[in-house]
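One structure is given here, and the rest of the page talks about it.
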Number of protein chains: 2
Amino acid sequence: MLISLTEENYLKAIYSLSHLEADADVSTNQISDHLSIKAATVTDMLKRLAEKKLIHYIPYQGVKLSEKGKSTAIKVVRKHRLWEVFLVDKLQFKWDEVHEIAEQLEHINSDELIQRLDKFLGKPKFDPHGDPIPDANGQLNIVKAIPLNQHKTKGSFTFVGVAEHSKTFLQHLTSIGLKIGDAVKIEEINEFDNSFKVKINKTNSQFFSNKVASNILVEEKK
Amino acid sequence: MLISLTEENYLKAIYSLSHLEADADVSTNQISDHLSIKAATVTDMLKRLAEKKLIHYIPYQGVKLSEKGKSTAIKVVRKHRLWEVFLVDKLQFKWDEVHEIAEQLEHINSDELIQRLDKFLGKPKFDPHGDPIPDANGQLNIVKAIPLNQHKTKGSFTFVGVAEHSKTFLQHLTSIGLKIGDAVKIEEINEFDNSFKVKINKTNSQFFSNKVASNILVEEKK
DNA sequence: ACAGGTTTTTAGGTCAGCCTAAAAATTTGT
DNA sequence: ACAAATTTTTAGGCTGACCTAAAAACCTGT
């Protein structure tokens with residue numbers, strides 16, 4: 001059965017929306033907002049995806065991926081993230097420049113291509129933003145990263161990923177001098193506005209607003 | 001102005017068909033056959049392409065690319081051939097495996113991507129089949145390669161490209177042991193059926209039917 | 001429990017890109 | 001030169017993926 005580019009994008013949207021809250025059904029309006037497509041159009045598509053057994057759809061109740069739908073969505077995510085690694089590692093793109101191009105490349109259809117690309121890139125486990133790359137069987141590394149702003153005490157962490165992928169946010173981090181893998185030490189938490197004073201790699205002192213801190217994912221330093 | 005994937009394929013078809021005979025207009029049926037799309041549909045599309053000023057179209061007379069149409073087609077060809085180099089040189093695909101994947105990749109839209117890919121590949125001048133890669137300005141290397149079967153006398157040549165790109169033909173050449181760049185010496189021409197006895201790289205003796213020889217492009221050995 | 005607001009679906013329309021069948025234009029053979 | 005064959009276009013239809021407007025279902029607060 002062939003799945004169109006458009007259908008792949010709906011599946012991908014449902015997949016990522018379903019991870020916002022644990023296992024909740026995804027609503028028509030959520031998909032509509034996420035894809036900037038009118039709700040009526042989304043309803044049309046949901047009916048078609050349900051006929052193809054890619055989703056479980058109950059009118060007025062929302063939608064959930066079927067096993068088939070889920071594995072399709074994960075394959076698209078795998079391709080997207082592998083291509084991002086290619087663009088950054090091999091073609092020297094910046095991490096804030098690759099999303100739009102990967103949105104196109106993720107729909108290229110060839111299992112052989114992806115398998116070889118994966119090998120060529122050294123079977124990477126994470127993309128340039130720190131997001132885990134599903135393996136060929138769709139298995140994802142469990143990442144226990146937590147937004148910086150959820151830490152309420154001083155401590156030392158490693159910056160492992162971002163929760164927000166917009167160009168402006170990524171460029172902001174670049175201008176601050178924060179890169180994946182950097183050491184981040186919380187030196188002070190301002191109780192008034194929950195902003196953070198941190199030190200990056202032991203030398204670079206910075207202030208993060210709570211909003212910025214909420215999009216910086218860290219792990220306990222080992 | 002945006003050009004759809006489908007429109008790009010029509011422009012590419014017109015471009016390659018217009019090179020079969022010098023500067024002749026391309027007919028509706030030629031395009032129809034080449035793309036396996038019914039003639040009535042082709043007529044529809046030609047009207048749309050003409051409205052967009054991508055072609056010069058006179059009903060019942062045929063079609064010719066405009067400057068804009070030609071540069072669009074050449075860009076697609078450039079992308080196709082660069083991606084083929086990537087697939088063969090970097091991902092170790094065989095030369096008979098890359099066409100279908102490149103047909104998809106050629107429609108990825110990003111000037112920056114192509115410029116960087118070109119650099120990454122070492123600004124190659126030819127694709128894995130010996131076809132010239134247009135440069136960023138659309139300029140093509142003039143190739144003076146001639147089908148082997150047009151040579152009527154013994155002589156020494158270099159194999160520089162193929163006139164036929166089908167999997168079976170390419171696999172045939174691989175099984176014979178003929179690769180781009182190999183030395184090809186005509187040792188005998190059979191006058192009865194115009195088949196050729198040749199020696200490849202001074203050691204490998206082979207017979208070529210006229211049909212095979214007609215698809216092997218060679219240059220005089222320098 | 002039901003009025004008012006929100007969400008979702010239904011109904012009907014558009015456009016791109018394909019199709020078949022039939023009509024019109026062009027080319028070919030004698 | 002003109003009938004027959006071929007090529008091309010026109011006419012009308014379909015499907016996927018979008019839209020707007022209106023109806024239906026669902027939720028919420030008193």
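Can you bin region B:5-65 into rounded, prolate or oblate? Criterion: square roots of the alpha carbon gyration tensor eigenvalues sorted a ≥ b ≥ c, rounded for a/c under 1.5, prolate for a/b above b/c, oblate for the rest.
rounded
Rounded, prolate or oblate: which one fits region B:146-220, using the alpha carbon gyration tensor with axes a ≥ b ≥ c (rounded when a/c is under 1.5, else prolate when a/b beats b/c, else oblate)?
In terms of gyration-tensor shape, rounded.
Under 13 Å between alpha carbons, and skipping anything fewer than 8 positions from residue A:64 in its own chain: which aspartates and glutamates qualify?
A:21, A:23, A:25
Starting from a Cα-only point model with no solvent, please compute log10 I(q)/I(0) by Debye for the protein assembly as shown at q = 0.07, 0.09, 0.12, 0.14 1/Å.
Here the Debye-derived log intensity ratios amount to -0.51, -0.78, -1.14, -1.34.
I'd like the distance separating the alpha-carbon centroids of region B:123-147 and region A:175-203, in whole Å.
Region B:123-147 and region A:175-203 have Cα centres spaced 53 Å from each other.
Name the aspartates and glutamates eligible as straight-distance cross-link partners of residue B:154: C-alpha to C-alpha under 17 Å, and not fewer than 8 places from it in the same chain.
B:182, B:187, B:188, B:191, B:193, B:219, B:220
What FRET efficiency comes out for the pair residue A:112/residue B:197, r = Cβ-Cβ distance, R0 = 41 Å, nearest 0.05?
Plugging the Cβ-Cβ distance into 1/(1 + (r/R0)^6) gives 0.65.
List the residues, sorted by chain then number, that are 5 or more residues from residue B:65 or on another chain and whose placed amide H is less than 5 Å from its amide H.
Amide H neighbours of residue B:65: B:56.
If we count every other residue with Cβ under 11 angstrom of residue A:66's Cβ, Lys/Arg +1 and Asp/Glu -1, where does the sum land?
+4
Read-outs throughout are calculated quantities, based only on the coordinates presented, and are distinct from any laboratory measurement. Here the structure is a predicted model, which is why all the values come from computation and not from measurement. Cβ atoms come from the backbone with ideal geometry, glycine included; neighbour counts cover every protein chain shown.
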